[in-house]
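The values are calculated or read from the model by the stated rules, or taken from the named source; none is laboratory data. Note that the structure is predicted; figures quoted are calculated from it, not measured. Using ideal geometry, Cβ is built from the backbone for each residue, glycine included, and neighbour counts are taken over all protein chains shown. Only protein heavy atoms, including side chains, enter the accessible area calculation; ligands, DNA and RNA are left aside. Shrake-Rupley method; radii C 1.70, N 1.55, O 1.52, S 1.80 Å.
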Amino acid sequence: MGKRIADHTPDSDFIANKDIVDVAAPPREPITTGQNHTSPGNISFAPDQSLVAPRARCIRLRVAPHDVLPEGVLVHLASTTPASPSRSPSPDPAHQQRRCIQIVRQWITKPNKFGVWREYYSQPSVIPDLDRSLQTFQTGRSLVMQPLSLQPPTLQEALGPFPNYSTYLHARWLWQNESGTISAATNQNFINTVLRDKEFKPEDVVDICFTTLRSKVAEFQPSPFLESDGWKESEVQIKVPLGPQKGDQIFPSSAKLGVPGLHHRSIVDVIKRVLSTDRNVLQYHFHPFRQYAVPPGSPPSIPPQRVVDDIYNSDAMIKEYENLQRSPREPGCNFERVILALQFWSDATQLANFGSAKLWPVYMYFGNQPKWARSRSDMHSCHDIAHIPSLPESFQDFVCEQRGYPADARLKTHCRHELFHQVWCILLDKKFVKAYKHGILVVFPDGSLRRVYLRIVTYSADYPEKVIIATIRNLGTCLCPRCLVKWHEIRKLGLKADGKLRQLTRRVDDEKRRLLVKKARKFIYKDRKRVGSTWVEALLGSTSLVPTKNAFSTRLHELGFDYFQMLCSDFMHEVELGEWKGILIHLIRMLHALGGDSISKLDERKIPPFGRDTIRKFIYNVSELKQLAARDFEDILQCAIPAFEGLFPEPIDCKIQELLFVLADWHSLAKLRLHTDSTLGQLEAATRVLGQEVRHFADRVANTVRTVETPHERASRIRRSAGKRSKDANASTQGGA
């Protein structure tokens with residue numbers, strides 16, 4: 001039934017008129033309950049006629065162009081609850097069969113200037129983007145920053161190497177006045193800054209050697225992991241399988257290895273701190289909605305299109321929210337129930353070109369925050385929750401000490417997987433599981449009290465790390481983390497059979513998978529089989545699984561969570577640094593094989609930058625591919641068509657131009673920040689064409705030129721070989737000593 005929520009404008013109505021959850025269902029007229037039904041519900045969803053210009057003679061006006069800012073909904077919400085289900089008035093006996101019950105389920109907003117409206121599951125308590133303006137999107141605007149710590153650092157944490165505050169005051173004055181002569185002004189400064197300080201105690205500096213203190217200050221390296229910010233340092237325990245016994249050797253089937261250096265903090269504590277203290281939380285969307293659009297001026301025959309531009313209007317988020325609202329409440333709790341969408345990122349990073357220093361951070365974002373805000377550094381939307389340690393360099397010594405011979409590559413890989421998932425078992429602690437199941441009560445910055453339920457929606461990582469998360473083999477027979485497509489079936493990209501196959505063979509965290517892993521672990525840890533033995537391969541090889549207990553499955557599978565579904569595509573690593581980089585390298589190899597001056601022509605063709613960050617300036621000699629970031633490969637793709645034009649003989653040149661155009665077209669569609677039903681259809685069609693072009697390039701074009709490594713690749717190979725020989729020589733020398 002139509003229900004008026006606010007009277008700010010004559011047509012500011014919300015319509016609660018449907019008892020369905022069909023994603024693609026367009027808005028329709030309210031359900032009537034009888035002949036005598038009178039309600040303001042017969043509202044047309046056509047654009048507001050006041051926004052449509054009347055028919056008139058075309059006149060050219062000299063008016064400066066201007067941008068029209070996106071709008072939210074056009075109504076304000078009152079702080080009232082939706083009407084409870086009610087029975088309609090008793091109709092005439094002749095129409096007894098037409099009587100029905102109207103249930104208030106969904107709330108629909110009025111279309112804005114762009115013809116976009118929203119469909120909420122129920123009346124939202126707040127719409128955060130109702131009054132957005134241009135200042136909202138400016139990066140230089142002043143913000144109420146979230147506090148960096150749960151509480152201010154302790155005095156000892158702030159002082160660092162100084163034993164007390166008095167020593168700090170005296171040392172600061174002493175090192176600032178080291179000229180050798182003490183004037184009257186210097187003496188007065190000492191009295192004002194040191195002696196008159198209320199916290200200064202002369203007895204604290206009597207036994208201090210300031211020369212020794214100065215050397216300690218020079219060597220002091222403050223830790224970024226403050227206890228006051230919730231950081232803890234833990235040791236991760238993993239079980240190392242030792243394999244079969246050889247000869248007369250006697251050793252246990254497994255041994256525990258403690259890996260130190262895990263810096264982490266409670267996910268729930270971080271969430272409570274952010275939701276209760278960060279004023280930017282008031283811009284979070286805690287009420288998912290479906291968006292539909294009909295462009296203004298479109299004929300009535302055109303159906304509305306679904307619009308998706310963020311997590312909080314995706315099908316997955318809406319489904320979780322609706323399931324939560326239909327579930328039983330916590331006993332005695334009548335507070336509003338909302339979902340906090342968690343997004344995790346992790347990426348192991350080499351910190352230097354020389355050496356083995358590595359950092360493996362885990363980040364957390366909130367999907368309820370709009371993505372334009374998540375991408376801004378001044379919003380402080382990224383929260384680091386852990387830094388994963390690596391296997392210690394003494395790992396081989398530990399294994400040799402336990403069983404007498406070193407570990408092979410398969411055993412080291414298995415222990416890395418075990419370490420990663422043991423870390424996540426620590427992060428997904430009992431407090432997290434309880435918040436996932438029962439929610440946590442949080443007082444928001446506006447004073448409202450809500451019960452917040454945690455849901456993991458995405459986990460982003462590159463492919464080598466994604467296979468660790470999914471507990472599958474790296475580049476195995478079934479190499480996809482989300483389905484069981486075989487290696488040789490990847491080239492069917494875009495075919496209808498390929499899409500059906502990916503749906504039918506989707507990976508599922510079911511009891512069958514867990515039972516296979518359990519049996520394989522029994523072979524390894526109890527029966528002393530090797531990690532790569534035929535016993536283990538017979539169980540796990542067909543689906544490319546590995547014998548590692550998945551932390552997400554162990555902690556959350558009883559709550560209906562399937563960790564395979566959280567693994568999303570990593571466009572940067574898999575496309576720009578993956579497929580496109582591989583095609584680009586092969587094109588450059590083809591130019592080298594053809595000879596002539598084609599390589600110099602490629603490097604000479606200059607394309608100026610476009611915009612501030614659309615196409616940035618990259619290196620001059622693209623053919624060498626030196627020190628290129630992911631954004632550089634994206635920019636090279638956008639400039640590739642004119643750069644490669646005419647460098648290959650016909651008909652190869654024409655086919656390569658078609659391939660580059662299809663790649664650029666698919667890339668632009670895939671990276672849209674807002675999708676509709678039509679753009680998704682275009683992306684699906686572009687994917688089919690892309691698969692055809694790549695297959696044609698591999699079968700008919702790439703093999704027409706016999707390619708070899710480029711001069712730059714040859715020099716790199718020689719350097720690597722020399723470094724490896726030097727490393728092996730040093731290892732043999734140390735072993736002989």
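Out of (1) part of a helix (DSSP H, G or I); (2) open to solvent by 80 Å² or more (accessible area, probe 1.4 Å), the odd one out for PRO608 is which?
(1)
State which residue is nearest to SER346 (Cα to Cα) when the search covers only segment 468-481 and only residues that are aliphatic (A, V, I, L, M), touching a Lys or Arg at 6+ places or on another chain (Cβ under 9 Å) and not in a helix (DSSP H, G or I). Reasoning before the result, please.
As a first pass, look at segment 468-481 and keep what is aliphatic (A, V, I, L, M): 468-470, 472, 475, 479.
With the extra rule that they be touching a Lys or Arg at 6+ places or on another chain (Cβ under 9 Å), the set shrinks to 468, 470, 472, 479.
After this cut, where a residue has to be not in a helix (DSSP H, G or I) as well, the list is 472, 479.
Details: ILE472: 17, LEU479: 20 Å.
For segment 468-481, the residue satisfying everything is ILE472.
For segment 426-478, which residues satisfy the criterion of being among the aromatic types (Phe, Trp, Tyr) and out of contact with any strand residue (DSSP E or B) (no Cβ under 8 Å at 6 or more places or on another chain)? Steps first, answer last, please.
Here is the first cut: in segment 426-478, the residues among the aromatic types (Phe, Trp, Tyr) are 432, 436, 444, 453, 459, 463.
TYR463, the sole residue that qualifies.
How many residues are at pLDDT 55 or above and part of a loop (DSSP other than H, G, I, E, B) if we restrict to segment 116-163? Working first, answer last.
Step one: filter segment 116-163 for residues at pLDDT 55 or above, giving 116-139, 151-163.
When the remaining residues are screened for being part of a loop (DSSP other than H, G, I, E, B), the result is 121-133, 138-139, 151-154, 160-163.
Counting residues in segment 116-163 that are at pLDDT 55 or above and part of a loop (DSSP other than H, G, I, E, B) gives 23.
Conditions: (1) free of Cβ contacts under 8 Å to residues at least 12 places away in the same chain; (2) under 30 Å from MET379 (Cβ atoms); (3) not small (Gly, Ala, Ser). THR212 meets all but one. Number of the miss?
Tallying (1) free of Cβ contacts under 8 Å to residues at least 12 places away in the same chain; (2) under 30 Å from MET379 (Cβ atoms); (3) not small (Gly, Ala, Ser), THR212 fails exactly one: (2).
Let me spell it out: the conditions are (1) surrounded by 15 or more Cβ atoms within 10 Å (Cβ to Cβ); (2) within 18 Å of VAL694 (Cα to Cα); (3) free of Cβ contacts under 8 Å to residues at least 12 places away in the same chain, and LEU628 meets all of them except one. Which number is the exception?
Looking at each condition in turn, LEU628 falls short on (2).
Please tell me if ILE271 is crowded, with 16+ Cβ neighbours inside 10 Å, of a type outside the set (Gly, Ala, Ser), outside any strand (DSSP E or B) and modelled with pLDDT of 95 or more. Let's see the steps before the verdict.
Details: crowded, with 16+ Cβ neighbours inside 10 Å: yes; of a type outside the set (Gly, Ala, Ser): yes; outside any strand (DSSP E or B): yes; modelled with pLDDT of 95 or more: yes.
When the stated conditions are applied, ILE271 passes them.
Residue by residue through segment 371-386, note down the ones that are of a type in the set (S, T, N, Q) and either in contact with a helix residue (DSSP H, G or I) (Cβ under 7 Å, 6 or more places away or on another chain) or not in a helix (DSSP H, G or I) (or both). Please lay out each step first, then the result.
Going through segment 371-386, the residues of a type in the set (S, T, N, Q) turn out to be 375, 377, 381.
Within segment 371-386, SER375, SER381 qualify.
Is it the case, given these coordinates, that LEU602 is within 30 Å of ILE468 (Cα to Cα), in contact (Cβ under 8 Å) with a residue 40 or more places away in the chain and open to solvent by less than 70 Å² (accessible area, probe 1.4 Å)? Lay out the reasoning, then the answer.
Working: within 30 Å of ILE468 (Cα to Cα): no; in contact (Cβ under 8 Å) with a residue 40 or more places away in the chain: yes; open to solvent by less than 70 Å² (accessible area, probe 1.4 Å): yes.
It is false that LEU602 is within 30 Å of ILE468 (Cα to Cα), in contact (Cβ under 8 Å) with a residue 40 or more places away in the chain and open to solvent by less than 70 Å² (accessible area, probe 1.4 Å).
Across segment 482-534, what is the number of residues that are outside any loop (DSSP other than H, G, I, E, B), open to solvent by less than 100 Å² (accessible area, probe 1.4 Å) and under 18 Å from LEU567 (Cβ atoms)?
7
I'd like to check something: does segment 634-642 contain any residue that is closer than 21 Å to LEU577 by Cβ, part of a helix (DSSP H, G or I), of a type in the set (Asp, Glu) and without any contact (Cβ under 8 Å) to a residue 60 or more places away in the chain?
Of the residues in segment 634-642, the ones closer than 21 Å to LEU577 by Cβ are 634-641.
From the residues that got through so far, the ones that are part of a helix (DSSP H, G or I) too are 634-641.
Cutting the leftovers down to of a type in the set (Asp, Glu) gives us 634-635.
This time we only want the ones that are without any contact (Cβ under 8 Å) to a residue 60 or more places away in the chain, so: 634-635.
Yes.
Being of a type in the set (D, E, K, R), more than 17 Å from TRP345 (Cβ to Cβ) and at pLDDT below 95 narrows it down to one residue among ARG589, ARG555; which is it?
Details: ARG555 fails: at pLDDT below 95.
It is ARG589.
Tell me, which residue of segment 249-263 that is among the aliphatic types (A, V, I, L, M) and crowded, with 16+ Cβ neighbours inside 10 Å is farthest from ARG410 (Cα to Cα)?
The residue in question is LEU262.
I need the full set of residues from segment 672-693 which are in contact with a helix residue (DSSP H, G or I) (Cβ under 7 Å, 6 or more places away or on another chain) and open to solvent by 30 Å² or more (accessible area, probe 1.4 Å), in order please.
LEU672, GLN682, LEU683, THR687, VAL689, GLU693
How many residues, within segment 562-583, are part of a loop (DSSP other than H, G, I, E, B) and either under 23 Å from THR707 (Cβ atoms) or not hydrophobic (A, V, I, L, M, F, W, C) (or both)? Write out each step before concluding.
First pass over segment 562-583, keeping only residues part of a loop (DSSP other than H, G, I, E, B): 562, 568-570.
From what is left, the residues that are either under 23 Å from THR707 (Cβ atoms) or not hydrophobic (A, V, I, L, M, F, W, C) (or both) are 562, 569-570.
Counting residues in segment 562-583 that are part of a loop (DSSP other than H, G, I, E, B) and either under 23 Å from THR707 (Cβ atoms) or not hydrophobic (A, V, I, L, M, F, W, C) (or both) gives 3.
Is it the case that some residue within segment 566-580 is open to solvent by 70 Å² or more (accessible area, probe 1.4 Å) and of a type in the set (S, T, N, Q)?
Of segment 566-580, the ones open to solvent by 70 Å² or more (accessible area, probe 1.4 Å) are 569, 572, 579.
Next, only the ones that are of a type in the set (S, T, N, Q) stay: 569.
There is at least one residue in segment 566-580 that is open to solvent by 70 Å² or more (accessible area, probe 1.4 Å) and of a type in the set (S, T, N, Q).
Hey, among LEU680, LEU659, LEU690, which residue is in contact (Cβ under 8 Å) with a residue 40 or more places away in the chain, closer than 30 Å to TRP372 by Cα and in a helix (DSSP H, G or I)? Write out each step before concluding.
Details: LEU680 fails: in contact (Cβ under 8 Å) with a residue 40 or more places away in the chain; LEU659 fails: closer than 30 Å to TRP372 by Cα.
Matching residue, one of LEU680, LEU659, LEU690: LEU690.
Hey, any hits in segment 331-344 for a residue that's buried (at least 16 other Cβ atoms within 10 Å of the Cβ) and assigned to a helix (DSSP H, G or I)?
Within segment 331-344 (the criterion being buried (at least 16 other Cβ atoms within 10 Å of the Cβ) and assigned to a helix (DSSP H, G or I)), the answer is no, since none of the residues qualifies.
Sort through LYS256, LYS272 and tell me the only one that's of a type in the set (Lys, Arg), out of contact with any helix residue (DSSP H, G or I) (no Cβ under 6 Å at 6 or more places or on another chain) and under 27 Å from LEU419 (Cα atoms).
On the way: LYS272 fails: under 27 Å from LEU419 (Cα atoms).
Just a single option satisfies the conditions, and that option is LYS256.
Filtering segment 226-248 down to residues that are among the small types (Gly, Ala, Ser) and touching a helix residue (DSSP H, G or I) at 6+ places or on another chain (Cβ under 9 Å), which residue is surrounded by the most Cβ atoms within 10 Å (Cβ to Cβ)? Outline the logic, then answer.
Within segment 226-248, the subset among the small types (Gly, Ala, Ser) is 228, 230, 234, 243, 247.
Filter again for touching a helix residue (DSSP H, G or I) at 6+ places or on another chain (Cβ under 9 Å), leaving 228, 230, 234, 243.
On the way: SER228: 14, GLY230: 17, SER234: 16, GLY243: 21.
It comes out as GLY243.
Quick check on my filter: what residues within segment 289-316 are assigned to a loop (DSSP other than H, G, I, E, B) and under 19 Å from the mean Cα position of the chain (by Cα)? Before you say what the answer is, go through the steps one by one.
Step one: list which residues in segment 289-316 are assigned to a loop (DSSP other than H, G, I, E, B), which gives 294-304, 309-310, 314.
Hits for segment 289-316 are ASP309, ASP310, SER314.
Mind telling me which of the residues ASP408, ASP397 ends up being surrounded by fewer than 16 Cβ atoms within 10 Å (Cβ to Cβ) and either under 17 Å from the mean Cα position of the chain (by Cα) or within 24 Å of ALA470 (Cα to Cα) (or both)?
Result: ASP408 is the single residue among ASP408, ASP397 that is surrounded by fewer than 16 Cβ atoms within 10 Å (Cβ to Cβ) and either under 17 Å from the mean Cα position of the chain (by Cα) or within 24 Å of ALA470 (Cα to Cα) (or both).
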